Amino acid sequence: MAFFMFWEVLWPLALGFLISAGVQSLVPRESVTRLLGRDGLRGVTFAAVLGAASSSCSYAAVAVARALFRKGATFANAILFEFASTNLVFELGLVLLVLLGWQFLAAELTGGLLMIAILAVIFKYTLRARMVDAARAQTEKGLAGKMEGHAAMQHHMGDRLTAISHFFYMDVASVAQDLALGFLIAGALAAWVPDSFWQTLFVAHDPAVAAVWGPLIGPVIAMLSFVCSVGNVPLAVVLWNGGISFGGVISFIFADLLILPILNIYRRYYGGRMSLYLLGTSYLAMVIAGFVIEIVFQALGLVPQHHHIDVFQTAPSWNYTTFLDLAALAIAAVLGWRFLSTGGLAMLRSMESAPSPGHEMVHDHHAHAHEHH
């Protein structure tokens, strides 16, 4: 079941990573920090757009957000950037489209923007300067999280193809574990957990209660699933088949930044109080976004009927999915060859490890030298 599902989404994943790598190779990190240095509508807008143009790995997003905060982005903008980069990225949208359909993609994009707006308002009225100062003090200790090297990456490869191959494989490496977990957990749940269990959990027999309960329970399931980013989508299919409400699926997908390992990284980065604050405000924003999406999409008649999505039963056959998958594998092979022949493996190893403070400075210095050069 896990493999069947993977085969369905291989090409949209590869295409998403390819678009994402192209965009990342065009956006210099220095200008990003400059654009996020002030709160307000302009900062929020740039945070959303630049987040959407970055890597989809939740761990990498969290590490990049801290790097931006340390280099001069406001705390609110750094966190909003992080939410955009896990909810508005290309590969997530394409996989949602293929597995669940365009209504879910539309809801995810609308809801993602809505959640960023809600969070921005919550931050504006509840985020105190002294909390940010405490978080900054904790940040300066530089405790390692996960995917730190990803955040410190300055690309100074000569040509565009090399840069794209490096970003492509960096992103693949950073989400591979979560994707594999997501497919395996989803396959296991689809195979072993009877639908009656889910229907009871989601109160599926009572649509009015389910519509309220879905967005509340969705993020809680996500927190306990330990899967982030695109790996959440296979699980979303299981939950939808099990009868969770439309808004529940959406708030479940948004909650990849609330999984327990990431809350623990927040604690290391910003301190205990701030991690609880981020948990509370994020959960609230997800639930509200899920509710609003449910209400609006029901009113517009855009909520698909609860029919069973049989992606777990569909064996690969000679159809357009297979041809697109083979094309995706061919492109991945070309990029892989370029990646391996330009020192990619050494870079992957450094991405996993945390850069020491000295190393990061040297890195930046090299990047600047290259620019002048």
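Some points to look at:
- Helical content alone sets the calculated 222 nm signal of the chain at -25000 deg cm²/dmol, taking -39,500 (n - 2.57) per DSSP H segment of four or more residues and averaging over every residue.
- Kirkwood-Stokes translational diffusion coefficient of the chain, alpha-carbon pairs, 37 °C, 0.692 mPa s, µm²/s: 156 µm²/s
- The C-alpha radius of gyration of the stretch 99-221, expressed as a fraction of 2.2 N^0.38 Å, stands at 1.52.
- Centroid-to-centroid separation of the stretch 258-295 and the stretch 229-248 [C-alpha atoms, Å]: 19 Å
- Taking all pairs of distinct alpha-carbon atoms in the stretch 1-155, Kirkwood radius in angstrom: 16.3 Å
- Sites counted here are trypsin sites (Lys or Arg not before Pro) in a DSSP loop (not H, G, I, E or B) having no more than 16 other Cβ atoms within 10 Å; the longest part of the chain that contains none of them is 142-373.
- FRET efficiency for residue 317 and residue 188, using Cβ-Cβ distance with R0 set to 25 Å, rounded to 0.05: 0.55
- Gain on full extension, evaluated as 0.36 nm per residue between residue 216 and residue 296 minus their Cα-Cα distance, stands at 27.1 nm.
- R0 of 30 Å, Cβ-Cβ distance residue 41-residue 324: FRET efficiency to nearest 0.05: 0.15
- GNM top mover of 95, 237, 49 - the chain, alpha-carbon springs below 10 Å: 49
Quick note: the coordinates plus some simple rules give every number you see, no bench work behind them. Just so you know, these numbers come straight off a predicted model, no measurement behind them. Here the Cβ is made from the backbone with ideal geometry for all residues, glycine too, and neighbour counts use every protein chain on show.
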